[in-house]
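These notes concern the structure reproduced below.
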Amino acid sequence: MIAAKTRTLRLLFTFYTSYAIVSLLITCCCLIISFTYGIGTFTALFWFKIITLGLIFYFINSYKRDEYYYYKNLGLHKRILWISTLSFDILLFILLFILSIMIR
Amino acid sequence: MIHSLEIDSIFLEYGLKKVLQNVYIKSETGKATGLLGRNGAGKSCLLKIVFGELDAGNKSVRIDGKPILHDYRKPDDLRYLPQRRFIPGFLRLNRIFKDFNLDFNDFINEFPDFEKYYKTRIKNLSGGERRIVEIYMILVAKTKFCILDEPFSQIMPLHIEIIKKLILREKQYKGIIITDHLYQDIIDVCNNIYVLKNGKTHIVYSLRDLEILEYINA
């Protein structure tokens, strides 16, 4: 049971790494802006983040869609992959945004 | 216990072209089932529908008589080898074997040339070598049924013989559905064969049937 959960987490992490660098780079840019200009930038930066994630989703669905078979053959459906990793990425963005405002 | 996978009532059309309309395929554990057909006959579409990757207007896919109504497939029930490369290129072989819960040493016993690749990223293997790893994962990993879409493409004859031996070994424990244009190899390993023509499946008993169905020349 624990081994299966560990494997699921490992697979989710593997899928996340396929777009994490780009996504984290965008998050970092947003943090620099929020740190410089303050909390008033949140709405614009949040929607910017969502739009860029939409573009990443489109890119992976277009150019890496065959890789979904790897995860599905191991029991992870496309929906689970995206819901889990996007939730983590957005949550990380919000937490780091709050942190940047607190430090400022 | 013998498990069965039944596929029927599938209707798929693209525009005015009816791709699939009268299909019936039954696979059982302990047997390999071959699916032949001309290019564009709809074989890959049919297999994708079975794996839940393509939505058909109408479909019935049943395991042990129980219909699968969603697009999720349990790996313990069904695994699928697509025609195209599906393993993320940056993964190393040791990691892939770990994910599929397979022993690399068993693989080396069948394909000794791969011993040096244990920690190699799969994208650094040749097309044929990569295909062998993909076939092995789907064919040998624990499941009730596995679907192989053109497993012999890009593979050299020597390795085709090894894969055929693996199919004969693995079909003792699972049901296997294979489609490929190397029909003689399909005949060698399969217990029953269907030809897909004009959206319909026809059961085949001899080479003469393949001629009648215009899959091979008389």
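Given the criteria under 16 Å from the mean Cα position of the chain (by Cα) and either more than 27 Å from B:L213 (Cα to Cα) or hydrophobic (A, V, I, L, M, F, W, C) (or both), does B:D76 qualify? Quick ask: steps written out before the conclusion?
Working: under 16 Å from the mean Cα position of the chain (by Cα): yes; either more than 27 Å from B:L213 (Cα to Cα) or hydrophobic (A, V, I, L, M, F, W, C) (or both): yes.
Here the answer is yes, as B:D76 does meet what is asked.
Which of the residues that make up segment B:39-65 are more than 9 Å from every other protein chain (Cβ to nearest Cβ) and either under 15 Å from A:H77 (Cβ atoms) or of a type in the set (A, V, I, L, M, F, W, C) (or both)?
To start, the set of residues in segment B:39-65 that are more than 9 Å from every other protein chain (Cβ to nearest Cβ) comprises B:39-50, B:54-65.
Passing the criteria: B:A41, B:C45, B:L46, B:L47, B:K48, B:I49, B:V50, B:L54, B:D55, B:A56, B:V61, B:I63.
Kindly list the number of the only condition in (1) within 23 Å of B:C45 (Cα to Cα); (2) outside any loop (DSSP other than H, G, I, E, B); (3) β-branched (V, I, T); (4) more than 13 Å from the chain's Cα centre (by Cα) that fails for B:I135.
Condition not satisfied by B:I135: (4).
Do we find a residue being within 22 Å of B:G52 (Cα to Cα), of a type outside the set (D, E, K, R) and in contact (Cβ under 8 Å) with a residue 24 or more places away in the chain anywhere in segment B:101-116?
The answer is no, given that none of the residues of segment B:101-116 is within 22 Å of B:G52 (Cα to Cα), of a type outside the set (D, E, K, R) and in contact (Cβ under 8 Å) with a residue 24 or more places away in the chain.
Restricting the search to segment B:66-110, which residues are in a strand (DSSP E or B), more than 8 Å from chain A (Cβ to nearest Cβ) and either buried (at least 20 other Cβ atoms within 10 Å of the Cβ) or out of contact with any helix residue (DSSP H, G or I) (no Cβ under 9 Å at 6 or more places or on another chain) (or both)?
Listed by number, the residues that qualify are B:K66, B:P67, B:L78, B:L81.
Here are some conditions: (1) touching a helix residue (DSSP H, G or I) at 6+ places or on another chain (Cβ under 6 Å); (2) crowded, with 19+ Cβ neighbours inside 10 Å; (3) at the interface with chain A (Cβ under 9 Å from one of its Cβ atoms). B:L36 meets all but one. Which one does it not meet?
All conditions pass for B:L36, except number (3).
Name every residue in segment A:24-42 that is without any contact (Cβ under 8 Å) to a residue 12 or more places away in the chain, over 19 Å from the mean Cα position of the chain (by Cα) and exposed (fewer than 14 other Cβ atoms within 10 Å of the Cβ), in order of residue number.
Matches in segment A:24-42: A:T36, A:Y37, A:G40.
Only one of (1) farther than 30 Å from A:T14 by Cα; (2) among the small types (G, A, S); (3) touching a Lys or Arg at 6+ places or on another chain (Cβ under 8 Å) is not met by B:G34, so which one is it?
Tallying (1) farther than 30 Å from A:T14 by Cα; (2) among the small types (G, A, S); (3) touching a Lys or Arg at 6+ places or on another chain (Cβ under 8 Å), B:G34 fails exactly one: (3).
With respect to B:F114, is the statement that it is aromatic (F, W, Y) and either surrounded by fewer than 18 Cβ atoms within 10 Å (Cβ to Cβ) or under 20 Å from the mean Cα position of the chain (by Cα) (or both) true?
no
Scanning for something over 30 Å from B:V50 (Cβ atoms) and within 14 Å of another protein chain (Cβ to nearest Cβ), does segment A:47-64 turn up at least one residue?
For segment A:47-64, residues over 30 Å from B:V50 (Cβ atoms) and within 14 Å of another protein chain (Cβ to nearest Cβ): absent.
Taking A:T41, is it among the hydroxyl-bearing types (S, T, Y), in a helix (DSSP H, G or I) and at pLDDT 95 or above? Break it down into steps so the answer makes sense when it comes.
Numbers: among the hydroxyl-bearing types (S, T, Y): yes; in a helix (DSSP H, G or I): yes; at pLDDT 95 or above: no.
In short, no.
Condition (residue is touching a helix residue (DSSP H, G or I) at 6+ places or on another chain (Cβ under 9 Å), surrounded by 12 or more Cβ atoms within 10 Å (Cβ to Cβ) and not in a helix (DSSP H, G or I)) applied to segment A:51-65: is it met by at least one residue?
yes
What do you reckon, is B:S60 without any contact (Cβ under 8 Å) to a residue 60 or more places away in the chain, exposed (fewer than 13 other Cβ atoms within 10 Å of the Cβ) and of a type in the set (G, A, S)?
no
What's the number of the condition B:I155 fails, among (1) in contact with a helix residue (DSSP H, G or I) (Cβ under 9 Å, 6 or more places away or on another chain); (2) crowded, with 16+ Cβ neighbours inside 10 Å; (3) within 14 Å of chain A (Cβ to nearest Cβ); (4) in a loop (DSSP other than H, G, I, E, B)?
Single failed check for B:I155: (3).
The values are calculated or read from the model by the stated rules, or taken from the named source; none is laboratory data. Keep in mind that this is a model prediction, so the values were computed, not measured. In this analysis, Cβ positions are derived from the backbone assuming ideal geometry, glycine residues included, and neighbour counts consider all displayed protein chains.
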